[in-house]
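Before any comments, here is the structure.
The values are calculated or read from the model by the stated rules, or taken from the named source; none is laboratory data. Quantities reported herein were computed from a predicted structural model and do not represent experimental measurements. Quick reminder, even Gly has a Cβ in these numbers, built from the backbone with ideal geometry, and neighbours come from all protein chains shown. Ligands, DNA and RNA are stripped out before the accessible areas are found, and what is left, the full protein with its side chains, is counted by its heavy atoms. Shrake-Rupley method; radii C 1.70, N 1.55, O 1.52, S 1.80 Å.
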Amino acid sequence: DDDDDGGERCVLSEASLEVLRAGGELDLEALNEEERASFERAVASGELVEAWVPWWESPEAGRTRASARGERAVAELDLCEPTTSEGANDKDKGIPPLASADEALDPFERLSGGKEAPEALRWHCVNALSAYVLVKRSFNGDWSDEEEIACDAMLELSAVLSAERGAIAEAQCARDAALDVVRRAPRALPSSPSPRALQRALTADLRALFAAPTIPIRALLDLSRALDVAARASASDRARRRRAALKSRYLCAYLCADALGVVTADVARAVKEIIDDDLDVDPDVDLDVVRVRDGVASPRARG
């Protein structure tokens, strides 16, 4: 069948569509030739996939302040409202919660032995979170029950998370930290867009992610939780995943210790400079179009 604009539409039977609506898997062998061809076109065009709006683009993601241990700051608690309301709203919007009492981070001062944090740590955050946003997008926001695949992709993308000594020694700025992930993308994610398109999409996400101090904290906590699940799921690569989880919590504690949000603001400025530089080269680029058009395929597709 054709739609009113003359374009082709999916011609799956009502029974097949009902299987998809229920979250089931379609038996391609049971489809006739026309249905199968139509289904493959619909998958390629994204017609059957509901567009995911990244949680870090939600205004609510950065409104609540985090304490030095990653929990909701005491000053943020409103005694006139139930203390669970913020968490319930976050869950509805897919926003990763701040640390629970059981997940509370060790203060960064303790983790660092009282030493001042080197400036390079902020670029380590950029590197780790660049891998996070690419993989989160590739799973359309939901890697539930597939944390092992997601985490393996993030470890392949991020030299920081994979603990490769000296791998990003040259990363003294946001651009280097992000570009290292872009260079690794073809190996970790199939059907990646061109490096230039991927960089543009990634920096747009990073700008949103570092728009407020709490947002990257939530992201690193979400990352560490996935790594913990992956480490428990299988003995294979367990030690590496646990090291990555500890690294993500260390970076999270580092950001939590920045009470005034100076580090987050500095990273946000650095990312904006990358975007501005790219716009100077190509002033007609529309970053929103780039992100939609040049999405990355899930690592599940690797055969």
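Odds and ends about this structure:
- Within the stretch 42-54, the presence of a residue that is modelled with pLDDT of 65 or more, under 30 Å from Arg218 (Cα atoms), assigned to a loop (DSSP other than H, G, I, E, B) and touching a strand residue (DSSP E or B) at 6+ places or on another chain (Cβ under 8 Å) is excluded.
- Test: Ala178 is under 29 Å from Gly62 (Cβ atoms), surrounded by 23 or more Cβ atoms within 10 Å (Cβ to Cβ) and either in contact with a helix residue (DSSP H, G or I) (Cβ under 8 Å, 6 or more places away or on another chain) or of a type in the set (Gly, Ala, Ser) (or both): yes
- The numbered conditions (1) among the small types (Gly, Ala, Ser); (2) touching a Ser or Thr at 6+ places or on another chain (Cβ under 6 Å); (3) under 20 Å from Ala117 (Cα atoms) are all true for Ala253 except (2).
- Among residues of the stretch 256-272 being in a helix (DSSP H, G or I) and in contact (Cβ under 8 Å) with a residue 60 or more places away in the chain, the one that is surrounded by the most Cβ atoms within 10 Å (Cβ to Cβ) is Cys256.
- Yes/no for Leu12 being modelled with pLDDT under 70, closer than 30 Å to Ile95 by Cα and open to solvent by less than 100 Å² (accessible area, probe 1.4 Å): no
- Scanning the stretch 214-236 for residues being open to solvent by 60 Å² or more (accessible area, probe 1.4 Å) and in contact (Cβ under 8 Å) with a residue 24 or more places away in the chain gives a total of 1.
- Looking only at the stretch 194-225, and only at residues there that are outside any helix (DSSP H, G or I) and not hydrophobic (A, V, I, L, M, F, W, C), the one that is nearest to Arg65 (Cα to Cα): Pro213
- Evaluation of Ser191 against the conditions (1) outside any helix (DSSP H, G or I); (2) surrounded by 15 or more Cβ atoms within 10 Å (Cβ to Cβ); (3) among the polar types (S, T, N, Q) shows that the sole unmet condition is (2).
- Considered as a group, the residues in the stretch 143-161 that are acidic (Asp, Glu) and in contact (Cβ under 8 Å) with a residue 24 or more places away in the chain include one that is farthest from Arg242 (Cα to Cα), and that residue is Glu146.
- Residues in the stretch 117-159 that are among the charged types (D, E, K, R) and in a helix (DSSP H, G or I) were compared, and the one that is farthest from Ala230 (Cα to Cα) is Arg122.
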